[in-house]
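Note sheet for the following structure.
The values are calculated or read from the model by the stated rules, or taken from the named source; none is laboratory data. The structure displayed is predicted, hence computed values, not measured ones. For neighbour counting, all protein chains shown are included, and Cβ atoms are generated from backbone atoms with ideal geometry for every residue, glycine included. Remember, those area values only see protein heavy atoms, side chains included, never the ligands or the DNA or RNA. Shrake-Rupley method; radii C 1.70, N 1.55, O 1.52, S 1.80 Å.
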Amino acid sequence: MEKSVYSLVLMDDVVAAVDRLAYSEGASRSAMVNRILAEYTGYATPQQRIQDIFKAVSDILDSQSVLQPMLSASDAMLAMRSALQYKYNPSLRYTVELYPQWGQSMGVLRASLRTQNPNLMLYLGQFYKLWQKLEAACLPGPARVSEAGGARYTRQLLTPQGMSAAEVGNAIADYVRLFDDCLKTFFDRLDQPADAPRAVRDVYTRGLTEAAAQL
């Protein structure tokens with residue numbers, strides 16, 4: 001979305017009030033004026049759209065206890081964590097980053113776990129490969145772009161069509177929960193490696209929603 005420079009004649013007291021509001025929210029004067037005008041005219045800026053989506057995700061997270069929201073360093077990023085049932089119960093971190101401008105992709109999901117345990121990284125790598133195969137076989141439309149290495153997984157999120165911000169947020173929440181459910185199913189069957197792929201596939205096919213399948 002392009003931006004241009006405009007000259008405005010404003011009262012000094014109005015500018016001072018805008019500056020105080022911008023300072024309190026860590027924004028620039030231009031960004032605050034842009035937000036105020038967008039809200040007044042009913043126009044949703046990319047930043048507002050992202051916040052509406054993240055609010056929908058957070059509302060869903062507040063209603064369950066598996067995925068716990070975390071403080072994020074950016075307004076364009078939402079972070080959450082989930083405990084993995086493996087020895088010392090390490091925390092898996094999920095981050096969803098949304099782009100201001102959407103093309104074929106609206107953002108990226110990252111899953112990561114801090115560990116130097118070679119066995120744990122091996123199991124995670126096996127699951128990531130299984131997940132990639134499931135998505136390639138089950139999801140309609142273009143191939144999903146993903147990358148796995150060590151304890152990290154990255155997946156581009158396709159831009160869904162015809163969804164409101166709340167619906168996009170619900171789809172993201174569905175997708176992350178499905179990923180987390182499948183991962184935990186895989187780890188629950190580490191002592192039954194031959195059964196793990198089938199069990200994960202069953203959870204995946206039962207839990208994949210129409211909305212999440214668009215991402």
Placing one equal point scatterer on each C-alpha of the range 1-112 and summing with Debye, one gets log10 I(q)/I(0) at q = 0.12, 0.20 Å⁻¹ equal to -0.59, -1.15
If the only charges are +1 at each Lys and Arg Cβ and -1 at each Asp and Glu Cβ, what is the size of the charge dipole of the range 1-142 around the Cα centre, to the nearest 20 debye? 820
Put +1 on the Cβ of each Lys and Arg and -1 on the Cβ of each Asp and Glu in the chain; which of Phe54, Asn117, Tyr40 then has its Cα farthest toward the positive end of the dipole? Asn117
Please report, in whole Å, how far the alpha carbons of the chain spread along each principal axis, starting with the longest. 72, 37, 30
In whole percent, the Cα-Cα distances of the range 113-197 spread across 10 Å bins from 0 upward as 15, 44, 30, 10, 1
How many percent of the accessible area of the chain is carbon or sulfur, using a 1.4 Å probe? 52
Give me the accessible area per residue for the chain, probe 1.4 Å, as a whole number in Å². 59
Counting lysine pairs in the chain that sit 8 or more positions apart or on different chains, with Cα atoms under 25 Å apart, gives 4
P(r) tail for the range 1-67, what percent of Cα pairs lie past 19 Å? 48
With the dipole of the chain defined by +1 on each Lys or Arg Cβ and -1 on each Asp or Glu Cβ, the option from Leu21, Gln192, Met77 whose Cα lies farthest towards the positive pole is Gln192
